[in-house]
Each structure stands twice: as C-alpha cells, then as structure tokens.
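Enquirer: The structure that follows is given in the form of structure tokens.
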Amino acid sequence: MGRRFFLDVMLGSLSTYLRMCGYDAAYALDRGVEADDAILELAGTEDRTLVTRDVQLAERADDAFLIESLDVRDQLRELRNDGVNLSLSEPARCSSCNGKLVRDDGPAPDHAPDGKPVWRCRDCGKRFWKGSHWESVERTLSEL
C-alpha cells in the first residue's frame, strides 16, 4: 500500500487494524514520542499522513486525518468514509511493531492451524498466521 500513516498516542488500536490492512502505520508510542512537536516532525520527515484525535495537532499538520470517535470501529468508519481502503491483505506488516513480514518456512508453532502459512516479522521476530484473530478483524471490517 502506498499511503503511510503516523498515529498519535490516542490511536494505538487503530494502528493495529491499519497494519493488518497492509498499511505502513507508525505509532507514536512505538517511537517513544508523545509531544506534539516530535509527532509533527516525524510525520513530516517520513512523509506520513498524521492520524490524530487532537484538533490543534491536526490543524498544524500538512496532511492529517482528524478522528472524532473514541471507539475503534467508529474510527475505522471515519477513515473508510475519507477514502481509506480497509480490507485485509496478505499479511505484510507486523501488527505489534509495524515491521515487514516475510514468509516463515520453518516449523509452525504448535498452536497455529495445520496447513496455514506462517509469516515472521523481520524486526521483532513475532510470528503470524490467519487464525481466529484474523477472522475477528475480518468480521469487524465487514461490519463497517
């Protein structure tokens, strides 16, 4: 996906959904930043669209989505209504750290469904497969 996002400290759950939809979605707390100036600087230097619930922060950004809702499902609806494609892709981004995923041809974890492909994050090493969490996210997105 071409669009890259930077989510402020209030939108951690939303960052997970965007990552599962294949977006490069950096999250402020993953980067150790909370101050508005640092968030704006990172979003700008990394050419990312800022996603925030902070009206004043959104007004200061060159490119921003202002999210009004507290509930993550409503936040997803707001982004979808603003033209962001919210459909699951093949796993491409780590939902934990935003690192890139690669196919893991090693033995699958014991609790992974048999025959399902497994991906591994190049940055944190976490492993992923399309299991019950994937199905839950898919259901949530289909209900928007």
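Every read-out reported here was derived from the displayed coordinates using simple, explicitly stated rules and does not represent laboratory data. All figures in this text were calculated on a predicted structure; none of them were measured in a lab. With ideal geometry, Cβ positions are generated from the backbone for all residues, glycine too; neighbour counts draw on all protein chains shown.
Enquirer: Within the chain, what percent of beta bridges assigned by DSSP are antiparallel, to the nearest 5?
Expert: Working: 6 of 16 bridges.
Restricted to the chain, the bridges split so that about 40 percent are antiparallel.
Enquirer: Applying the Karplus parametrisation 6.51 cos²θ - 1.76 cosθ + 1.60 with θ = phi - 60° to the phi angles of the stretch 33-50, what ³J(HN,Hα) value in whole Hz is obtained for each residue in order, glycine and proline being reported as x?
Expert: Using θ = phi - 60°, the values come out as 10, 10, 5, 4, 4, 5, 5, 4, 5, 5, 4, x, 5, 9, 6, 10, 7, 6 Hz.
Enquirer: Pairwise over distinct Cα atoms, reciprocal of the mean inverse distance: report the Kirkwood radius of the stretch 52-122 in Å, one decimal place. Show your work: numbers first, answer last.
Expert: Working: mean 1/r = 0.0658 Å⁻¹.
The Cα-based Kirkwood calculation yields 15.2 Å.
Enquirer: I need to check one value: relative contact order of the chain, counting alpha carbon pairs closer than 8 Å and at least 6 residues apart, in percent. Each step should come with its number before you reach the end.
Expert: On the way: 221 pairs, mean separation 30.4, N = 144.
Answer for the chain is 21 percent.
Enquirer: Then there is this: Taking amide H positions as placed 1.01 Å from N in the peptide plane, with prolines and chain starts having none, which residues 5 or more places from Y27, or on another chain, fall under 5 Å of its amide H?
Expert: L7
Enquirer: Still on this model: Beta carbons within 10 angstrom, averaged per residue: use that to sort the peptides 107-114, 89-96, 18-25, highest first.
Expert: Details: 107-114: 9.8, 89-96: 18.0, 18-25: 22.8.
Result, highest mean first: 18-25, 89-96, 107-114.
Enquirer: Could you give the size of the charge dipole of the chain about its Cα centre, using +1 on the Cβ of each K and R and -1 on the Cβ of each D and E, expressed in debye and rounded to the nearest 20? Present the calculation step by step, with values, prior to reporting the outcome.
Expert: Details: 20 positive and 27 negative charges, 143 e Å.
My answer is approximately 680 debye.
Enquirer: Moving on to the next point. At 7 Å along Cα-to-Cβ for each site, give me the label-to-label distance between D71 and V9 in nm.
Expert: The answer from the label model is 2.6 nm.
Enquirer: Oh, and also: Hey, what's the Cα Rg ratio for the chain versus the globular rule of thumb, 2.2 N^0.38 Å?
Expert: On the way: Rg = 15.7 Å, N = 144, 2.2 N^0.38 = 14.5 Å.
With N residues counted in the chain, Rg over 2.2 N^0.38 Å equals 1.08.
Enquirer: Which one, W134, Q75, F5, projects farthest toward the positive side of the charge dipole computed for the chain from Cβ point charges (K/R +1, D/E -1)?
Expert: Positive-end residue among those listed: W134.
Enquirer: Note down the nm distance, to one decimal, between modelled labels 7 Å out along Cα→Cβ at S87 and at A35.
Expert: Rounded to a tenth, the inter-label distance reads 4.3 nm.
Enquirer: Return the long-range amide H neighbours of T49 (sequence gap of 5 or more, or a different chain), with a cut-off of under 5 Å between placed amide H atoms.
Expert: Hits under the 5 Å cutoff: R4, F5, F6.
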